[in-house]
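Student: Okay, handing you the structure first.
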Amino acid sequence: MILETFPVGAFQCNCSILGDEETREAIVIDPGEDVSTILERVRELGLTVKALVHTHAHLDHVSGSRALKLATGAEIMLHKDDEWLYQNLAMQAAMFGWQVDEPLAVDRYLKQGDTVAVGKVGGEILFTPGHTPGSLCFKVDGTDPVLFSGDTLFQQSIGRTDLWGGSFPDIIQSIKKKLLVLPGDTLVIPGHGETTTIDEEKRMNPFLR
């Protein structure tokens, strides 16, 4: 399995490339901005992007999707409950004095239990509303399990719930019922900041005590 994560854009959203070593196909998770950087790294790794998985539809996680799809033909994937945020990308950008192109249509709506895979590499969708109504996490099992937690769970923190459609009770329930039950050694790659593990968050996260 090929896995690389790096921050992109003004909000330093963690964008991840998950690839299969045999087929050389890849999933890009949360292509927020800096599409040229993402494409350059994909080329260096010799990969072909097949899927764009979005943990939610905030500007900093989806604004690169249009350009990346046009460059690669990859499918745009999102939970249906965040489509209204995705369609209002211009409204989100206007809050920061930015202008963005209209988003392209969603190719596949993701829901709890769905799988997204390329070759022998893939994972399961966990529906984790709270940060946004359609927030999700992407769980990759194996000997070294990985969770792409978006803005649901951070190192010793959780996603904010004071934006469009956010809910503090929902995010706490999502984390406790869907994430804290995962193996303790699961590597958590959040939407921003440093990585952590499920065990570390059980011990150290003040929001989950």
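Listed here are the residues, each with its yes/no results for (1) within 23 Å of LEU59 (Cα to Cα); (2) touching a strand residue (DSSP E or B) at 6+ places or on another chain (Cβ under 7 Å); (3) β-branched (Val, Ile, Thr).
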residue	(1), (2), (3)
TRP164	yes, no, no
LEU179	no, yes, no
PRO183	no, no, no
VAL188	yes, yes, yes
GLU194	yes, no, no
THR197	no, yes, yes
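Student: Could you tell me which of the residues GLU102, GLU83, GLU75 is of a type in the set (Asp, Glu) and over 17 Å from the mean Cα position of the chain (by Cα)?
Tutor: Selected residue: GLU102, the only one of GLU102, GLU83, GLU75 that is of a type in the set (Asp, Glu) and over 17 Å from the mean Cα position of the chain (by Cα).
Student: To continue, here is another question. Since THR37 meets every condition but one in (1) free of Cβ contacts under 8 Å to residues at least 40 places away in the same chain; (2) of a type in the set (Ser, Thr, Tyr); (3) not in a helix (DSSP H, G or I), which condition does it not meet?
Tutor: Answer for THR37: the failing condition is (3).
Student: Further question on the same structure: Would you confirm whether or not the range 145-163 contains a residue that is more than 18 Å from CYS13 (Cα to Cα) and crowded, with 19+ Cβ neighbours inside 10 Å?
Tutor: no
Student: Inside the range 56-83, can you point out the residues that are in a loop (DSSP other than H, G, I, E, B) and out of contact with any Ser or Thr (no Cβ under 6 Å at 6 or more places or on another chain)?
Tutor: Result: ALA57, HIS58, SER63, GLY64, GLY73, ALA74.
Student: Follow-up question, since we're still on this one. Looking only at the range 118-128, which residues are assigned to a strand (DSSP E or B) and either without any contact (Cβ under 8 Å) to a residue 12 or more places away in the chain or under 15 Å from the mean Cα position of the chain (by Cα) (or both)?
Tutor: GLY122, GLY123, GLU124, ILE125, LEU126, PHE127 - these are the residues of the range 118-128 that are assigned to a strand (DSSP E or B) and either without any contact (Cβ under 8 Å) to a residue 12 or more places away in the chain or under 15 Å from the mean Cα position of the chain (by Cα) (or both).
Coordinate-derived values only; no laboratory data. Note that this is a predicted model, so its numbers are computed, not measured. We place every Cβ from the backbone using ideal geometry, glycine too, and count neighbours over all the protein chains shown.
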